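What follows is one structure encoded as structure tokens, with my remarks underneath.
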Amino acid sequence: MPTSGAPKLTPFTAFHRALGAKLVEFAGYEMPLRYTGDVREHLCVRNAVGLFDITHMGEYHVAGPGAGEFIHRSVTNDVLGMQVGQAIYSAMCRPDGGIVDDLLVYRFPNRWMMVVNGATNAKDYAWLKSQVPAGVEFRDVTEETALLALQGPRAEHVLRGHVPDAALDLGFYRFLEGNAFGAPAVISRTGYTGEDGFELYFAPRYAPQVWEGLLAAGAPHGLEPVGLAARDTLRLEMGYMLYGNDIDERTTPLEAGIGWTVKLKKGDFVGREALLRQKEQGLARKLVGFTVDGRRVPRHDMNIESGGRAVGRVTSGTFSPSLERPIGMGYVETALDRPDGSLEVLAGGTRLDARIVPRPFWTRGSRRA
Amino acid sequence: MAYPDDIRYTAEHEWARLEKGLVTVGITSYATDQLGDVVFVELPPLGRALEAMKAFGVVEAVKTVSDLFAPVAGEVVEVNGALAGNPALVNQDPYGAGWMVRIRPADAQQYGRLMSSADYAKHVEAQHA
């Protein structure tokens with residue numbers, strides 16, 4: 001989102017400051033980058049449980065006759081096939097198949113919620129607004145929504161007694177409405193880390209009691225607040241997309257390896273023809289995951305070569321705290337996508353030997369199937 | 001933030017300490033705060049001749065990477081081998097156990113022209129103005 005002036009605060013900013021977090025501007029908000037250390041926070045989520053403020057994410061309320069059909073036509077996944085109480089991950093494409101954003105869609109009894117990336121919120125809103133049919137209510141509720149993610153194998157134990165018992169029985173990508181620490185909330189078994197966990201949506205006025213309630217209930221389980229830096233390393237170990245890095249309007253869901261979100265048989269949707277054509281013609285390039293020998297780390301925008309020839313660019317790269325080695329992703333010519341295929345990443349004047357590996361990089365998470 | 005006043009600084013956030021004719025080099029607490037967890041430090045071999053303010057190594061953190069610049073010209077006479085097994089020393093003790101190289105300076109005057117702690121503090125502040 002283009003920003004001017006001071007970044008927006010979340011209802012948790014004062015807590016981040018009190019904890020001594022390093023704050024950075026992200027998606028127009030002042031957000032915690034880290035509290036204690038990236039590796040410590042990352043491993044806390046893998047081994048125990050971490051708490052993330054992700055209020056910068058955007059939420060839209062969609063209701064009225066034709067609301068479901070509108071979303072179904074706007075995104076690539078099968079929205080009308082969802083059950084009430086279900087959430088799905090989807091891409092949202094342009095007519096040429098380029099990705100406008102990746103997002104979650106929630107189906108409530110009489111309404112829908114779309115959850116989009118903070119950095120693309122303004123663009124997404126304008127994009128969707130221009131397609132809203134008459135009679136469908138479409139409203140940006142980002143400012144009315146606080147969002148926390150509780151992620152890690154101990155997440156369920158932290159919530160026990162503070163949410164309805166039924167919330168603890170939710171399957172992955174299922175949600176319910178109920179009180180969390182006394183706040184009316186949407187309690188969703190979703191996340192961006194590969195671990196079991198929940199995301200809690202509620203009104204900002206309840207922010208103090210939910211934040212403090214979670215920290216208190218989580219203390220015996222080793223809960224710590226976790227910043228955006230570790231959020232990025234956690235998602236990259238899972239091979240999850242970061243919009244603006246791994247996917248954007250010049251890439252398609254098929255190229256990115258999230259073709260499973262594209263339901264070509266669900267009926268018409270924006271981008272269907274282009275994606276169908278791309279599928280029939282075959283992909284010229286694909287997003288691959290790779291590990292790197294040694295300790296130098298592949299970074300966003302570094303060039304990838306094969307046999308001395310430029311074949312692509314790194315979209316995301318980091319040092320993986322769980323695997324204790326450098327990992328990355330990037331688009332390469334489809335013919336090069338072979339298990340164990342070798343690539344070279346150009347890190348300044350140094351050539352890094354990379355080897356293609358399946359995603360996710362990290363396969364031992366507690367996330368429910 | 002206060003910076004030790006018995007050492008000198010570069011605009012690129014290295015520190016330098018002159019002891020017994022040798023200059024020990026590391027990165028400042030400001031640098032480690034910006035970088036986050038350091039996971040690898042690439043250092044030059046012994047005997048390498050360094051040019052002042054030219055890159056001589058690399059610090060890889062989880063989230064980002066940064067070149068290391070030589071505060072003074074000279075020959076590398078020692079490198080901190082402990083960093084290979086424990087790069088986190090750079091975060092834990094940037095002015096002590098997290099040191100990186102020792103240089104035998106080619107020009108004895110160069111050290112004195114580096115920034116004082118007060119000047120460095122102003123430099124850091126200016127970057128956030």
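Laboratory data are not the source of any read-out in this text; all were calculated from the coordinates shown. Just so it is clear, the structure is predicted and the values come from calculations on it, not from any experiment. As a convention, Cβ positions derive from the backbone with ideal geometry for all residues, glycine included, and neighbour counts pool all protein chains shown.
What to note about this one:
- Helix-only [θ]222 nm of chain B, DSSP H runs n ≥ 4, -39500 (n - 2.57) each, per residue, nearest 500: -5000 deg cm²/dmol
- Peptide packing for A:322-328, A:137-143 was compared via the average number of neighbouring C-beta atoms within 10 Å per residue; ordered from the highest value, the list is A:322-328, A:137-143.
- Ranking A:241, A:281, A:294 by Cα position along the charge dipole of segment A:206-309, where only Lys, Arg, Asp and Glu carry charges on their C-beta atoms, puts A:281 farthest toward the positive end.
- A Stokes-Einstein calculation at 10 °C with viscosity 1.306 mPa s, built on the Kirkwood radius of chain A over Cα pairs, returns a diffusion coefficient of 75 µm²/s.
- With the largest listed first and rounded to whole Å, the semi-axes of the equivalent ellipsoid of segment A:233-294 from the Cα gyration tensor are 25, 13, 10.
- Translational diffusion coefficient of segment B:1-70 (Stokes-Einstein, Kirkwood radius from Cα pairs, 25 °C, 0.890 mPa s): 190 µm²/s.
- Taken over segment B:2-129, the alpha-carbon convex hull comes to 93 cubic angstrom per residue.
- Listed by chain and number, the lysines whose alpha-carbon sits under 26 Å from that of residue A:266, ignoring those within fewer than 8 places in the same chain, are A:123, A:129, A:279, A:286.
- Normalising the Debye intensity of segment A:1-85 to I(0), with uniform scatterers on Cα atoms only, and taking log10 at q = 0.15 Å⁻¹ returns -0.79.
- Translational D in µm²/s for segment A:59-112 (Stokes-Einstein at 4 °C, 1.567 mPa s, Kirkwood Rh from C-alpha pairs): 114
- Once the Cα gyration tensor of segment A:97-246 is diagonalised, semi-axes √(5λ) in Å: 27, 20, 14
- Per residue Cα convex hull volume in Å³ - calculated over segment A:327-369: 109
- For residue A:8, a cut-off of 16 angstrom between C-alpha atoms picks up these lysines, skipping any fewer than 8 places away in its own chain: A:22.
- Using only the C-alpha atoms, the convex hull of segment A:227-267 corresponds to 90 Å³ per residue.
- Whole-angstrom gap from segment A:298-369 to segment A:23-94, using each part's C-alpha centre: 25
- C-alpha center-to-center spacing [segment B:17-37, segment A:129-192] in angstrom: 46
- Sparsely packed loop sites in segment A:219-256 (the trypsin sites (Lys or Arg not before Pro) outside DSSP H, G, I, E and B with at most 12 other Cβ atoms within 10 Å) comprise A:250.
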